[in-house]
Amino acid sequence: METTVANTGTEGKIWGGGNQPLKASYGKLMMWFFILSDALTFSGFLAAYGFSRFKFIDSWPIADEVFNHFPFLHGVDAPMYYVALMTFILIFSSVTMVLAVDAGHQMKQKKVILYMFLTIIGGAIFVGSQAWEWKNFIKGEYGAVETKGGQILQFLDTEGHRVALHDIAIDMPQERVQHESKNGIWYKSEGTLPTYTIEEIRAGFAKRSDLLIRTQVLTDTGEKTILSREESLRRLNTDAIGIVEGANLIHNEYGTPLFANFFFFITGFHGFHVFSGVVINIIIFFNIILGTYEKRKNYEMVEKVGLYWHFVDLVWVFVFTFFYLV
Amino acid sequence: MAHDTAHHESNTSRIWKVFILLSVVTIVEVILGIIKPAFLIETTLISMKLLNWIFIILTIYKAYYITWAFMHMEGETKGLRRAVVWTAVFLISYLIFILLTEGDYIYEVFKAGHKSWDF
């Protein structure tokens, strides 16, 4: 390069443009620019989450009770174990990535291939796990009742265990059928009807005297408030208007709708980053196999995608803390 | 720590050390999150539970190691390091301060009963 550029007399002068004050290549600097701006985007999301959390500080859902599934352990209460495992998988794939960068510095193609492969596998397992988390979150487990003020009421037995709607509801004959566009005058269809009507839940609840209701409001010790039997009956008969099973962007059985919204947006945005990271890693992986970087005599490209991959891990460390731990 | 791009000795031992460190910190976080020691929940510091402060400090500790060791920030020039880290730290601190203060204010408004929400 030096031979093609005319001497301008600025060589060696820090602000003359003739040197690189940051001693980093253009590509790496641009990657840092991108990472910084992306970090601010994620901070915006997490700070907005914090805002809503502080706004509903005494009625926010308890993460341990929501994320307590583990593959092949049905019905076992496993708070956060799976998310912790996901965190390990992501940290480990960060380690294999940095090992790939390290091997690249020493121009060891075979080693770079192996470590990049492990990184891609780790990323793929993580995205799959996140999809599984979403599935559980959307499907829900116990179901709940929503009041006209949008509050979520959940059911408990006297020992404090959660009781699912299907254990409460009494089957009542009804004529309400799902409205379809073909038999309507305005040719509009409606969404799927809920599995149970609120009347079925009321009847079932009245019959089983061991049932209680708990509200979203947290006590001083950080647990949900459990209502007395009379108060439970009153809330269910006067305030409740419908049932909620699982979660979408409008209703969820865990608590305030914002909880599900932030869950979908933040973990979804992060999952999208992991997904694009895996795709970029695969492209680089094939380039390494084809020997592109051997010909270039440097593996800086691996370093650059490595920066992005570590950033994805970095963001997850924060998401993990603020979504699952705090 | 000016970085010399010409020579590259292998740092695999440091990488594994950082990995063990990050793993231990994560395990500690999960254990604390599951057992939730009573005294850490009852004690509050600047209107937040002590346990949450511990989580946040451990998270920043992990973030430091990921950035410094894995993203190789320790080897970059001082200028690049400050351009990235200071920008993020100051902007994010300000954003969090403003939003959390505002969130707490709205919580107080709700609690004062000017607006009924639990019905």
Let me confirm something: among A:ILE213, A:ILE201, which residue is within 14 Å of chain B (Cβ to nearest Cβ), within 26 Å of A:ASP77 (Cα to Cα) and in contact with a helix residue (DSSP H, G or I) (Cβ under 8 Å, 6 or more places away or on another chain)? A:ILE213
Those residues of the range A:312-322 which are more than 7 Å from chain B (Cβ to nearest Cβ) and closer than 17 Å to A:ILE89 by Cβ amount to A:VAL312, A:VAL315, A:TRP316, A:VAL319, A:PHE320
Looking at the range A:89-108, is at least one residue buried (at least 16 other Cβ atoms within 10 Å of the Cβ), touching a strand residue (DSSP E or B) at 6+ places or on another chain (Cβ under 8 Å) and modelled with pLDDT under 95? no
When you go through (1) assigned to a helix (DSSP H, G or I); (2) of a type in the set (Ser, Thr, Tyr); (3) touching a residue at least 24 places away in the same chain (Cβ under 8 Å) one by one for A:THR238, which number turns out not to apply? (3)
When A:SER129 is run through (1) away from chain B (no Cβ under 11 Å); (2) part of a loop (DSSP other than H, G, I, E, B); (3) not charged (D, E, K, R), the failure sits at (2)
What residue, of A:ARG229, A:ARG208, A:ARG202, A:ARG235, is under 22 Å from A:TRP60 (Cβ atoms) and of a type in the set (Lys, Arg)? A:ARG235
Conditions first: (1) surrounded by 21 or more Cβ atoms within 10 Å (Cβ to Cβ); (2) in contact (Cβ under 8 Å) with a residue 12 or more places away in the chain; (3) touching a Phe, Trp or Tyr at 6+ places or on another chain (Cβ under 8 Å). A:THR321 passes all but one, so which condition is the exception? (2)
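Listed here are the residues, each with its yes/no results for (1) of a type in the set (D, E, K, R); (2) in contact with a strand residue (DSSP E or B) (Cβ under 9 Å, 6 or more places away or on another chain); (3) surrounded by fewer than 21 Cβ atoms within 10 Å (Cβ to Cβ).
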{"position": "A:ASN68", "(1), (2), (3)": "no, no, yes"}
{"position": "A:LEU73", "(1), (2), (3)": "no, no, yes"}
{"position": "A:LEU85", "(1), (2), (3)": "no, yes, yes"}
{"position": "A:GLY122", "(1), (2), (3)": "no, no, no"}
{"position": "A:ILE125", "(1), (2), (3)": "no, no, yes"}
{"position": "A:ILE138", "(1), (2), (3)": "no, yes, yes"}
{"position": "A:TYR142", "(1), (2), (3)": "no, yes, yes"}
{"position": "A:GLU146", "(1), (2), (3)": "yes, yes, yes"}
Looking at the range A:26-38, is at least one residue at pLDDT below 90, part of a loop (DSSP other than H, G, I, E, B) and over 27 Å from A:MET86 (Cβ atoms)? no
Candidate set from the range A:298-308 (those that are part of a helix (DSSP H, G or I) and more than 9 Å from chain B (Cβ to nearest Cβ)); member that is farthest from the chain's Cα centre (by Cα): A:GLU300
Do we find a residue being over 22 Å from A:ARG214 (Cα atoms), more than 24 Å from the chain's Cα centre (by Cα), in contact (Cβ under 8 Å) with a residue 24 or more places away in the chain and not in a strand (DSSP E or B) anywhere in the range A:150-159? no
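The values are calculated or read from the model by the stated rules, or taken from the named source; none is laboratory data. It should be emphasised that the depicted structure is a prediction, and the values quoted were computed from it without experimental measurement. Using ideal geometry, Cβ is built from the backbone for each residue, glycine included, and neighbour counts are taken over all protein chains shown.
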